[in-house]
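Trainee: Here it is, the structure in full.
The values are calculated or read from the model by the stated rules, or taken from the named source; none is laboratory data. All of these numbers come straight from a predicted model, not from anything done at the bench. With ideal geometry, Cβ positions are generated from the backbone for all residues, glycine too; neighbour counts draw on all protein chains shown. Note: areas computed on protein heavy atoms with side chains; ligands, DNA, RNA excluded. Shrake-Rupley method; radii C 1.70, N 1.55, O 1.52, S 1.80 Å.
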Amino acid sequence: MAWKNNWDRRLALAGGVALVLGGGYLTARGKSRRTPHARPQPGTFHLGNAGEPFTLDPNLSDATQEDFIIGDLMMGLTTEDSMARPIPGMAESWQTSADGMTWVFKLRDASWSDGAPVTAADFLFAWRRILDPKTAASYAYFLYTIKNAEAINAGRMPGTALGAIAPDPHTLEVHLEHPAPYLLEMLTHVSMMPLPRHVVEAKGNHWAQPGHYVGNGAFRLTEWIPNDHITSVKNTRFYDAANVALERVIYYPTDDYSAGLRRLRAGEIDATDRLENNEFGWIKRNMPELLAPVPQLILDMVAVNLTKKPFDDIRVRTAINLAINREAITDKIIPVGYLPAFNVVPPGTANFPGGNAFDFRRMPAAARTAKAQDLMRKAGFGPANRLRANYLIRSTAAGSYRAVAAALQQMLALIYVDISIVPTDVQVFYKQIQEHDFDMSQPGWQADFNDASNFLDLFRTGGGNNWGGYSNPAFDKMLAAAQSDPDIQSRGMKLAAAEAILLKDQIVMPLFFWVSGNLVRPYVKGWGANPMDRHRSRWISIDEKARAALFA
């Protein structure tokens, strides 16, 4: 997701926690107010979430902090286990045709939180709604694997033409545009979840608010205090409620990661999904039990606007790529174990051969800078004619974004590029780059499912998250060929060939691949560190004795 999608509209601006004081905290305006349940109630999980959600409507969501909550409230045909591996969800079984083009799902007997049955028609309604051009859903493209989905989203066909039918309330037959061996993992994503049609049609866009929200997940929404907290309670109508240990989950928007750590130390939250990179060393020395770093399918990058001059010039893009000293960033600016990125698809991505990298990867930093200066001079820039550009970053309180931007500012200055750093509200940030209203920016992307196509789709012509406006028919053709290839190994090679085209065109500047930044108290059980960084509260429990003893 823009880090998912999609990442940081994924870090939507929260209420600015500045300082923890005992059982309360100071707001940005300096007034003290107490958090709900200053000392945890039994069966309650307090989570520091990456930011304030923009929406809890699965059709409209495109942010990680929304996924954390929606994944507790709603469930697709498949869902995730504690290690984010796909398992049966609303579908208890399925069959696939020999050519991989048709899937038939058998739905279990399950209810919405208001007691109405969950049916196959609820999936059809949700999928047609997200594809409706009027919905303007940024994740509509996620369904393009289904037959006719892209044409429907473009307005060329009606929603009823979608390659999915419901022969009966417990059967959903899905026809694909091409084989998708990763479909079961895709189906866990929020964009593929059903909607309670009877509620959405009655309440319109207000359906996803407390008092109206009806879900089919392990928890149900009861409270949303903007920029303060969201509360969900155990859904007694959930089909597996007997095996859900928690009674309540409270999510706190925590885009100030330092404040999140202080709240964790004060016992106000039990876990937080992000850490302030500058504090990693202190945590490792003083509270190592909070850490369980594992490689993540997350990429931070520099995006340039190819629809603006001079970024349409490959010499300028190549020079910028050369000038970025990724090793210095990961070793000195944010030394938390991130890997310097010289390609787009993270290492460890399933069914992907890897092996691609910019050809300057082994070149010494000084030689890279000299070559970049030469390219800039050939493009018409130099000491007397410097390139000036705005550089958008997310205005999260986490200092590492600013630190990386400041380092890039110094690196680019050596090649006659002067960037003005512009911190921007997260929601505004992603709106601007989606509308190509920027010069340069630093977005991130977190995998929606474990497949290379999820990263490469960012650069498909006309894609909803194609921030730089890239378009290359050769890339699109190779990506399409990979998607229609039923052989896993052959498909992976085609995806690698598509990535090689991106790198040759120098259309993006990858910075680094992540390791997990979760901070979790040991008394939180069932939080499995995994590459997808997904943690459903259904699997979590609290060792109440250990929690009480820690804060006695």
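Trainee: Where in region 132-146 does the label zone of His175 land, with the point 7 angstrom along Cα→C-beta and an amide N cut-off under 15 Å?
Mentor: Inside the label zone: 145-146.
Trainee: Something else now. Please check which bits of region 312-354 a label hung off Ile421 would reach, taking the label as a point 7 Å along Cα-to-C-beta and the cut-off as backbone N under 18 Å.
Mentor: Only 324-336 fall inside the zone, counting backbone N under 18 Å.
Trainee: Here's a follow-up. Net charge near Glu150: determine it from the other residues with C-beta under 10 Å of the C-beta of Glu150, scoring Lys and Arg +1 and Asp and Glu -1. Don't skip to the answer; put the middle values down first.
Mentor: Numbers: positive: Lys147, Arg156; negative: Glu177.
Result for the local shell: +1.
Trainee: Keeping all protein chains in place, calculate the accessible area per residue for the chain (probe 1.4 angstrom), answer in Å².
Mentor: Computed with neighbouring chains in place, this is 37 Å² per residue.
Trainee: Also, quick follow-up: To the nearest 0.05, how large is the calculated FRET efficiency for Lys332 and Ser541 if R₀ is 45 Å and r is the Cβ-Cβ distance? Kindly include the intermediate steps, with their values, before the conclusion.
Mentor: Numbers: r = 40 Å, r/R0 = 0.88.
In this case the efficiency is close to 0.70.
Trainee: Let me ask you something else. If you stretched the chain out fully between Asn227 and Asn390, how much longer would it get, using 0.36 nm times the residue separation minus the C-alpha to C-alpha distance? Walk me through the numbers before you get to the answer.
Mentor: Values: separation 163, 0.36 × 163 = 58.68 nm, distance 2.89 nm.
Length gained between Asn227 and Asn390: 55.8 nm.
Trainee: How about Lys106: which lysines have a C-alpha closer than 22 Å to its C-alpha, ignoring those fewer than 8 places off in the same chain?
Mentor: Reachable lysines: Lys147.
Trainee: I've got another one for you. What size of dipole, in debye to the nearest 20, comes out for the chain about its Cα centre when the only charges are +1 on Lys and Arg C-beta atoms and -1 on Asp and Glu C-beta atoms? Before the final figure, lay out the partial values.
Mentor: Working: 57 positive and 56 negative charges, 292 e Å.
So the magnitude is around 1400 debye.
Trainee: Shifting gears a bit: At what distance in nm do the modelled label points of Ala549 and Ile488 sit from each other, each positioned 7 Å from its Cα along Cα→Cβ?
Mentor: It is 4.4 nm.
Trainee: Taking the alpha-carbon distance from Lys371 and a cut-off under 13 Å, which aspartates and glutamates remain once sequence neighbours fewer than 8 residues away in the same chain are dropped?
Mentor: Asp359
Trainee: Within straight cross-link reach of Lys545, meaning Cα distance under 18 Å, which lysines are found once same-chain residues fewer than 8 apart are removed?
Mentor: Lys545 reaches Lys525.
Trainee: Name the shape class, rounded, prolate or oblate, that the alpha-carbon gyration tensor gives for region 163-246, where a ≥ b ≥ c are the square roots of its eigenvalues, rounded holds for a/c under 1.5, and otherwise prolate holds if a/b is larger than b/c and oblate otherwise.
Mentor: Numbers: a/c = 1.92, a/b = 1.63, b/c = 1.18.
The shape class here is prolate.
Trainee: With contacts defined as alpha carbon pairs under 8 Å and 6 or more residues apart, what's the relative contact order of region 395-552 in percent? The partial results should precede the final answer.
Mentor: Details: 111 pairs, mean separation 20.7, N = 158.
Computed over region 395-552, the figure is 13 percent.
Trainee: Based on DSSP H runs of at least 4 residues, each adding -39500 (n - 2.57), what is the mean residue ellipticity at 222 nm of the chain after dividing by all its residues, to the nearest 500 deg cm²/dmol?
Mentor: Working: 15 runs with 143 residues, N = 552.
One gets -7500 deg cm²/dmol as the mean residue ellipticity at 222 nm.
Trainee: Rounded to the nearest 0.05, what FRET efficiency do Ala406 and Lys308 give with R0 = 30 Å and r taken as the Cβ-Cβ distance? Could you check? Before the final figure, lay out each step's value.
Mentor: Details: r = 23 Å, r/R0 = 0.78.
Approximately 0.80, to the nearest 0.05.
Trainee: Something else: Among Ala496, Pro347, Thr135, whose Cα lies farthest out toward the positive end of the dipole of the chain, if unit charges sit on the beta carbon of Lys, Arg (+1) and Asp, Glu (-1)?
Mentor: With unit charges placed on the Cβ atoms, the residue in question is Pro347.
Trainee: Between Ala161 and Ser471, take the C-beta separation as r, use R0 = 22 Å, and let me know the FRET efficiency to the nearest 0.05.
Mentor: Values: r = 27 Å, r/R0 = 1.21.
Efficiency at R0 = 22 Å is approximately 0.25.
Trainee: Let me ask something else. Can you list residues from other chains, or at least 5 along the same chain, whose modelled amide H is less than 5 Å from the amide H of Glu223?
Mentor: The list, which skips near neighbours in sequence, is Thr231.
Trainee: If you don't mind, another one. Is the C-alpha gyration tensor of region 50-184 telling us rounded, prolate or oblate? Criteria: a/c under 1.5 is rounded; beyond that, a/b larger than b/c is prolate, otherwise oblate.
Mentor: Details: a/c = 1.43, a/b = 1.09, b/c = 1.31.
Cα axes put region 50-184 in the rounded bin.
Trainee: Also: Can you give me the % of accessible surface on the chain that is carbon or sulfur? Probe 1.4 Å, all protein chains present, nothing else counted. List each step's numbers first, then the result.
Mentor: On the way: 10750 of 20200 Å².
Of the solvent-accessible surface of the chain, carbon and sulfur hold 53 percent.
Trainee: Given contacts defined as C-alpha pairs under 8 Å and at least six residues apart, what's the relative contact order of region 321-454, whole-number percent?
Mentor: On the way: 151 pairs, mean separation 39.8, N = 134.
Reported relative contact order: 30 percent.
Trainee: Using label points projected 7 Å from each Cα along Cα→Cβ, tell me how many nm separate Arg265 and Ala98, to one decimal.
Mentor: Going from the Arg265 label point to the Ala98 one covers 6.5 nm.
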